[in-house]
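The values are calculated or read from the model by the stated rules, or taken from the named source; none is laboratory data. Note that the coordinates shown come from a computational prediction; the quantities given were computed from them, not determined experimentally. Cβ placement follows ideal geometry from the backbone for every residue including glycine, while neighbour counts extend to all protein chains displayed. To get the accessible areas, we keep the full protein, side chains included, count just its heavy atoms, and leave off ligands, DNA and RNA. Shrake-Rupley method; radii C 1.70, N 1.55, O 1.52, S 1.80 Å.
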Amino acid sequence: VADGRVKFVQDDAASTGKPASVLSRGCTLKHVVLAASLLLAGCAADVSSLRAGLAAYQQSRVADAEAIFTEVAADPAAPATDRAAARRELARIAWLVDDDAEKALTMLEQAITVGEESCEALFLRNRVLLGRQRFEDVISARDGDAACTQPGLSGSLQLQRADAALSRHAVDGSALEAAANLIAVADEDARQSLEGAELRLELALAQGSG
């Protein structure tokens, strides 16, 4: 057994065409049972892990993934990063599979409260709000300024807020100044990114038509 996997070794008798015993040379039934027990134990230990949940989700076993993520999120012994990530994944399921934005937002607020990898939860929360055209909620969501200090992602949060401001301007003609301010305070990498360039162009067009 290596890394939770049973290693099978080819029997020399099989390659020579000579009669082979039921079990390979040097291997007893006791050893096989022990190996199988260890393998099953390893699978059981991994069943509630974040990795197992992600694997289940990728295989479209959404109900299994949701059950695993729920268990990880509620496990005080799990690392804080795993508990936060499990809540983010529960939010994705609620948003993308169940079309339940409110449940997704609740899960994301819980993920933010855990205090680990808050940037990812804030970014996903803004996406859910933008998808529901709750532009003002994104524009006014300044909690990310303090909670997210990860380089790159903090600027992306500012761009999301600028995107919300431009979207609101397209609806009712307001928030153009807010969009300009949010783009201006984003870090240089964010402003020079593809998304930043698109928003700056959209802002210039909106200002030119005003």
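With the other protein chains left in place, how much accessible area per residue, in square angstrom, belongs to region 113-162 at a 1.4 angstrom probe?
Here the per-residue accessible area is 46 Å².
Any chance you could run the full-extension gain for LEU201 through ARG132? It's 0.36 nm times the residue separation minus the Cα-Cα distance, nm to one decimal.
Extra length available between LEU201 and ARG132 comes to 22.4 nm.
Mind running the shape call on region 63-182? Use the C-alpha gyration tensor, a ≥ b ≥ c as the square roots of the eigenvalues: rounded below 1.5 for a/c, prolate if a/b tops b/c, oblate otherwise.
oblate
Mind ranking 192-205, 105-118 by how tightly packed they are, going by the mean number of other C-beta atoms within 10 angstrom, highest first?
Taking the mean over residues of other Cβ atoms within 10 Å, the ranking is 105-118, 192-205.
With no solvent and one point on each alpha carbon, what is the Debye value of log10 I(q)/I(0) for region 161-210 at q = 0.15, 0.23, 0.26 Å⁻¹?
-0.33, -0.75, -0.94
Leaving out ligands, DNA and RNA, and with a 1.4 Å probe, what % of the accessible surface on region 41-174 is carbon or sulfur?
Details: 3300 of 6590 Å².
The nonpolar share, carbon plus sulfur, comes to 50 percent.
Quick one: which of 56-62, 147-153 comes out on top by average Cβ neighbours within 10 Å, and what's the full order, highest first? Could you put the intermediate results ahead of the total?
Values: 56-62: 13.3, 147-153: 15.0.
For the peptides 56-62, 147-153, the packing ranking is 147-153, 56-62.
Where a ≥ b ≥ c are the square roots of the eigenvalues of the C-alpha gyration tensor, would you call region 61-122 rounded, which needs a/c under 1.5, or, failing that, prolate if a/b is larger than b/c, or oblate?
oblate
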